[in-house]
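J.: Let me begin by handing over the structure; questions about it come next.
Laboratory data are not the source of any read-out in this text; all were calculated from the coordinates shown. Here the structure is a predicted model, which means the values were calculated and not measured. Counting neighbours? That spans all protein chains shown, and the Cβs are built from the backbone with ideal geometry, glycine included.
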Amino acid sequence: MSGNRAVAASTEIYDYTQLKQLTKDQKAELEMLEQAELGTGSTVSGYRIIDNQLSAKLLSGHTIPLVGLGTWKSAKGEVGAAVATALRQGYRHIDCARVYQNEHEVGEALEAVLAEGVVQRGEIFITSKLWNTDHEPARVEAACRKSMEDLRVSYLDLYLVHWPVTGNVGPEVQPPLEGTWAAMEALVDKGLVRSIGVSNFSTRKLERLMATARIKPAVVQVESHPYFRNESLRAWCSDRGIHLTAYSPLGSPDSAAMLRRAEDGPSLLKDPVVAEAAARLGRNAGQILIRWALQRGTSVLPKSVNPERIKSNLEVFDWEIPADMYEQLSNLAHQQRMVDGSFWINPAGPYRTLQDLWDE
Ligand code: A2P
């Protein structure tokens, strides 16, 4: 048997021609070793199962787990490990986008974790986003399929229009957002995507989109945290049953240089009110900010590539921020978009000013 054991322990365990030549007993032993290799045996102990994870029902009828791993700015060579750690630590929601240029590596990690047999595809909520250069209705399906191929999935749980921006200069957004939305609806009809939504839209742009929409956006994903509550948009969505997902919930500290934001500006993670809540509740600042988002009824996408932070950012389900502290966190005077969209402003339009972009 030792000869066969050597075969089983090597990469040749996947050589089924060889498997056929084995006796019944040898085959059984090989299958057992193969199971162990795939992780359904001892490596299962590397998993954390979180039973009391919060989720919300979407207008589409599907369910979204409220804490998802953000992958914007997660570098190639790091993002795969982050996704695998997250899934093994209990995350069931991964937020992706074509423009993050890392979906291929996310897909590899996803496939590897699914092969371990502990988590099933149907338990994981996967989001991707349509990039600005693919708004032309004829390009939408191909863009979606490219993300699906890179992510190695046969459907997406959620596909979002990433920005109300196409990159074309002129008085109006071209192609118009209504046509792009109709192509997004067709993805639902075809079963490629379960829910559709938008990101970085204002209420005015949403109202315009919804005037011609056949399928209402199930999710609106925008920046939201105590330094930019985005409260009127949250209330508008809540009144219509549209789910709001908060991106950059920790104040996006790692985007300051990239977005030319003053690096010595106020730090949400170091805010005294956040620090006081953390000290009083025996939590860290990240957990306070993630829990604040949950108590506000939003889902939330903390980004991390650090295993300890990935783990601790999900430890937010079995405790609460008391009402007085929640109120304080919900009334911080400093309000500032960290992702202000100034990179889309063009004197030739369609967005000549930040007011044009955000309608505020
Ligand atoms: P890292 O990836 O090294 O953990 P946001 O989600 O608002 O975009 O913030 C992401 C940034 O916050 C990243 O720089 C990330 O770094 C860092 N980060 C993630 N979780 C925590 C945490 N619990 N405490 C402090 N920083 C965190």
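J.: For the range 279-317, which residues satisfy the criterion of being near the ligand (Cβ under 7 Å from one of its atoms) and farther than 15 Å from I94 by Cβ?
T.: Listed by number, the residues that qualify are N284, A285, G286, Q287, N306, R309, S312.
J.: Exactly one of these conditions fails for V305: (1) in contact with a strand residue (DSSP E or B) (Cβ under 8 Å, 6 or more places away or on another chain); (2) buried (at least 19 other Cβ atoms within 10 Å of the Cβ). Give me its number.
T.: Of the numbered conditions (1) in contact with a strand residue (DSSP E or B) (Cβ under 8 Å, 6 or more places away or on another chain); (2) buried (at least 19 other Cβ atoms within 10 Å of the Cβ), the odd one out for V305 is (1).
J.: Mind counting the residues in the range 275-305 that are within 22 Å of E223 (Cα to Cα) and either part of a loop (DSSP other than H, G, I, E, B) or touching a residue at least 60 places away in the same chain (Cβ under 8 Å) (or both)?
T.: Of the residues in that region, 16 qualify.
J.: Only one of G170, G241, G191, G251 is in a loop (DSSP other than H, G, I, E, B), within 14 Å of the ligand (Cβ to nearest atom), among the small types (G, A, S) and at positive phi. Can you tell me which?
T.: Numbers: G170 fails: within 14 Å of the ligand (Cβ to nearest atom); G241 fails: within 14 Å of the ligand (Cβ to nearest atom); G191 fails: within 14 Å of the ligand (Cβ to nearest atom).
Criteria check complete, one pass: G251.
J.: Report whether or not K76 is in a loop (DSSP other than H, G, I, E, B), within 16 Å of the ligand (Cβ to nearest atom) and in contact (Cβ under 8 Å) with a residue 24 or more places away in the chain. So that I can check it myself, show each step before the final result.
T.: Working: in a loop (DSSP other than H, G, I, E, B): yes; within 16 Å of the ligand (Cβ to nearest atom): yes; in contact (Cβ under 8 Å) with a residue 24 or more places away in the chain: yes.
Judged against the criteria, K76 is a match.
J.: Shifting gears a bit: Of all the residues that make up the range 183-210, how many are touching a helix residue (DSSP H, G or I) at 6+ places or on another chain (Cβ under 8 Å) and surrounded by fewer than 16 Cβ atoms within 10 Å (Cβ to Cβ)?
T.: 1
J.: State whether one or more residues within the range 280-289 are in contact with a Phe, Trp or Tyr (Cβ under 9 Å, 6 or more places away or on another chain), of a type in the set (G, A, S) and at negative phi.
T.: No: zero hits.
J.: Just name the residue that is nearest to N331 (Cα to Cα) out of those in the range 254-275 that are of a type in the set (D, E, K, R) and within 12 Å of the ligand (Cβ to nearest atom).
T.: K270
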